[in-house]
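A.B. asks: Following this message is one structure expressed as structure tokens.
The values are calculated or read from the model by the stated rules, or taken from the named source; none is laboratory data. No experiment lies behind these values; they were computed from the predicted model shown. Note that each Cβ is placed from the backbone with ideal geometry, even for glycine, and that neighbours are counted across all protein chains shown.
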Amino acid sequence: MTGIFQSALSGGRALLVGWILPSLVNVLIFGFVVAPKLSGFGALNTETTRAAIFGLAASAVLGLVLAALQTPLYRILEGYLGWPMRLAQARRRRHLARKHLLRNRVDAATLARKEDAGRLTDADRPVLDAFRAHPIINRFLVKDLRKGTIWLALLDERFHRYPLDDRQVAPTQLGNAIRRFEEYGHDRYRLDSQTLWHELNAAVPEPARKQTDDTRMSVDFFISLLYGHLVVAVTAAACLAGGLAERTGLTTATIAALILLTMLWYRLAVQATDEWAGAVRAMVNLGRHPLAAAFGLSVPREMDDERTMWRLVGELVRDGHDPRLAALDAFRVTAEGQAVEPPAPSGDSVPAATPSDSGGPGADGQREASGKLPHADA
């Protein structure tokens, strides 16, 4: 039993702060409000030890259970698990339209500010005119410019919580906020960070790995609070329905408050992914060379060659050995520590298909402000 708990607690601070501490908050709410006699919290003056043991044990158990179930719990909130297909598709279309609108609003405001500063080029002029001719974008443009620079920065921040590739847009805000950094490595380098996550995590410097764990811990905290609140609210509602609640009015008010708080925790979890995304981005950027060295490879100087190499590595790890993967020999380090000269780029460095759990094929880069006219979905 001791070994089981040592293994479960190997996450240390991340498990304690991310899952057990929020569980303690929810157990205290349940113990004091819904069922004080059952928990023993109502007799703290006479049965302090028993009440404390109940609270700590319940918090630890609930925290460990939530931590063990964190993958399906996240997938539900991301829109991948338990969602009817039609609802998921409708939500995805809605987020896709929202992403396009945010992109157009940021681009329109950027061009308008260039015009005010006298730096608008002749090539940008028709694009800005098209934005102003669009009834929806023009209405937002006037308001966005009036709110100032900080508001425009917040709009850009919201836009960058979506994945670059429209095909990767998910049905929920949290799903999109997480998907943006899941696709980062594949989009830039064809390095499938989802498939190679454990290898990458082992190869990166310790500060980068610790930073990723710490930033995810903040998201875990809000997700754990959210699910814990739902558990307490459902249990309290069952107690009300069964006539077991000791303080009916307070229990009803608590249920309503917990439902509202779950919405707050969800929004805060989405915002907390910004730091997590930055940490994962740093892992990919700084871990490419150590990861290549761990595979006995050398990162080539040409970007096309590097993208070809990481595509082959991903296929090797994900799909197993295939004779055509012998192309990786061109990137191997020789016994003298020299890299073999890579072959000329084939021109087709993008895989034909990418599994849904991988980074997925991304866009070739962020669009410049003057690159396109307003999107039709705006």
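A.B. asks: Check the stretch 148-161 and report whether any residue there is modelled with pLDDT of 95 or more and part of a loop (DSSP other than H, G, I, E, B).
C.D. replies: Yes, the stretch 148-161 has at least one match.
A.B. asks: Okay, moving on. Please work out which residue is nearest to the chain's Cα centre (by Cα), limiting yourself to the stretch 81-124 and to residues that are of a type in the set (A, V, I, L, M, F, W, C) and part of a loop (DSSP other than H, G, I, E, B).
C.D. replies: Out of the qualifying residues, it is 81.
A.B. asks: Taking the stretch 237-253 only, how many residues are modelled with pLDDT of 90 or more and either within 31 Å of the chain's Cα centre (by Cα) or surrounded by 15 or more Cβ atoms within 10 Å (Cβ to Cβ) (or both)?
C.D. replies: 1
A.B. asks: Counting just the residues of the stretch 187-236 that are charged (D, E, K, R) and not in a helix (DSSP H, G or I), which one comes out surrounded by the fewest Cβ atoms within 10 Å (Cβ to Cβ)?
C.D. replies: The selected residue is 190.
A.B. asks: Output the number of the condition that residue 285 fails; it satisfies all remaining conditions of (1) farther than 29 Å from residue 16 by Cα; (2) surrounded by 19 or more Cβ atoms within 10 Å (Cβ to Cβ); (3) within 22 Å of the chain's Cα centre (by Cα).
C.D. replies: Residue 285 satisfies all of (1) farther than 29 Å from residue 16 by Cα; (2) surrounded by 19 or more Cβ atoms within 10 Å (Cβ to Cβ); (3) within 22 Å of the chain's Cα centre (by Cα) except (2).
A.B. asks: Name the single residue that is nearest to residue 230 (Cα to Cα) among those in the stretch 17-58 being polar (S, T, N, Q) and modelled with pLDDT of 75 or more.
C.D. replies: Taking the candidates together, the pick is 26.
A.B. asks: While we're here: Any chance you could count how many residues in the stretch 264-284 are without any contact (Cβ under 8 Å) to a residue 60 or more places away in the chain and polar (S, T, N, Q)?
C.D. replies: The number of residues fulfilling the criteria is 1.
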